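Reading through the structure tokens given below for one structure.
The values are calculated or read from the model by the stated rules, or taken from the named source; none is laboratory data. As the structure is a computational prediction, the values presented were derived from the model and not from experiment. Note that we place each Cβ from the backbone using ideal geometry, even for glycine, and neighbour counts take in every protein chain shown.
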Amino acid sequence: MQTKFFVLVVVLFVCIGGGYLVGQSQDASQSGGSNVPLMTAPGLYHKQLDNFEGSWVFTGQVWSAKARQYEPIEGTIEYQWVLGRRFMQGMFAGRVNKSALEGLHYLGYDNFRQVYISNWMSNLATSFWTSMGSFDRAAGSLILRGLYDDLIQSKRDVPFSSVTSIQGGIMTLEMKLATEDGTQPKTLLSFTATRKEPLSP
């Protein structure tokens with residue numbers, strides 16, 4: 001049963017974080033050792049993730065390759081800054097169809113590589129999932145690209161892209177295949193999350 005939902009969970013959260021920002025400074029890898037303290041401290045790019053902080057309730061749907069239909073997902077998310085505001089930690093609890101879901105998500109910004117990074121793990125898998133992307137400040141969206149393994153179809157390194165947007169108290173996420181293969185729809189996942197309560201000023 002867990003195998004059936006492994007791909008669904010990967011789709012959902014390998015779902016949720018960095019790429020390269022427009023207007024970045026000179027590549028930090030060429031700046032020299034004198035900038036080590038700056039490279040290890042949180043900065044302005046980390047603040048772009050402030051909107052994730054808080055308690056959320058989400059509902060949506062995800063494509064099941066085995067059932068060949070969309071299946072419901074729902075649950076809660078608790079995001080908070082950890083490790084000196086260097087990483088945003090998300091605790092997920094809910095259900096994917098009839099299977100219980102527990103997930104842990106870390107989202108941050110790598111000052112040295114100048115890229116947003118995301119790591120996801122859950123009770124429905126035995127691996128870490130890492131993705132990278134960019135933050136579109138004009139749209140308020142985190143745009144991710146990565147690879148995942150489709151256990152149902154025994155395919156490795158399937159490319160995908162995802163967009164997470166937060167406007168006010170609403171978070172939306174959509175994940176799509178990078179290319180269509182004719183065996184499943186291009187949109188694999190979509191969900192909407194509502195913030196439980198406004199953030200403190």
Discussion item. Please determine whether any residue of the range 157-167 is out of contact with any strand residue (DSSP E or B) (no Cβ under 7 Å at 6 or more places or on another chain) and modelled with pLDDT of 85 or more.
Written reply: yes
Worksheet entry | Residues within the range 71-85 that are assigned to a strand (DSSP E or B) and either under 30 Å from residue 185 (Cβ atoms) or of a type in the set (Lys, Arg) (or both), tallied | 8
Worksheet item: Based on what the data block shows, is residue 113 assigned to a strand (DSSP E or B), charged (D, E, K, R) and either modelled with pLDDT under 95 or within 24 Å of residue 53 (Cβ to Cβ) (or both)?
Response: no
Worksheet item: Does residue 122 meet the test of being among the polar types (S, T, N, Q) and either closer than 19 Å to residue 191 by Cα or in contact with a Phe, Trp or Tyr (Cβ under 7 Å, 6 or more places away or on another chain) (or both)?
Response: yes
Worksheet item: Got at least one residue in the range 115-124 being crowded, with 20+ Cβ neighbours inside 10 Å, more than 16 Å from the chain's Cα centre (by Cα) and either farther than 24 Å from residue 39 by Cα or among the acidic types (Asp, Glu) (or both)?
Response: yes
Item to complete: Could you please tell me which pairs satisfy a Cβ distance under 9 Å, a separation of 6+ or placement on different chains, a first residue in the range 141-166 that is buried (at least 20 other Cβ atoms within 10 Å of the Cβ), and a second residue that is of a type in the set (Asp, Glu) and at pLDDT 85 or above?
Response: 142/136; 148/157; 162/174; 164/174
Practice prompt. With the condition kept exactly as written, say whether any residue in the range 66-78 is crowded, with 20+ Cβ neighbours inside 10 Å, at pLDDT 95 or above, within 23 Å of residue 98 (Cα to Cα) and among the β-branched types (Val, Ile, Thr).
Written response: yes
Worksheet, complete the sentence: The residue that is nearest to residue 98 (Cα to Cα), considering only those in the range 17-49 that are at pLDDT 60 or above and surrounded by 14 or more Cβ atoms within 10 Å (Cβ to Cβ), is 49
Worksheet item: Which pairs have Cβ atoms under 8 Å, sit 6 or more apart or on different chains, and link a residue in the range 29-40 that is outside any loop (DSSP other than H, G, I, E, B) to one that is at pLDDT 65 or above?
Response: 29/112; 29/113; 38/111; 39/111; 39/112
Worksheet, complete the sentence: Scanning the range 73-106 for residues that are under 20 Å from residue 63 (Cβ atoms) and among the aromatic types (Phe, Trp, Tyr) gives 92
Response to the item:
Scanning the range 87-109 for residues that are touching a helix residue (DSSP H, G or I) at 6+ places or on another chain (Cβ under 8 Å) and of a type in the set (Ser, Thr, Tyr) gives 99, 109
Worksheet item: Restricting the range 185-201 to residues that are at pLDDT below 85 and out of contact with any Lys or Arg (no Cβ under 8 Å at 6 or more places or on another chain), which is nearest to residue 132 (Cα to Cα)?
Response: 185
Item to complete: Only residues that are in contact with a Phe, Trp or Tyr (Cβ under 6 Å, 6 or more places away or on another chain) and either loosely packed, with under 14 Cβ neighbours inside 10 Å or modelled with pLDDT of 95 or more (or both): list them for the range 90-104, please.
Response: 90
Discussion item. Filter the range 121-143 down to the residues that are at pLDDT 85 or above and either of a type in the set (Val, Ile, Thr) or not in a loop (DSSP other than H, G, I, E, B) (or both) and list them by number.
Written reply: 121, 122, 131, 132, 133, 134, 135, 136, 141, 142, 143
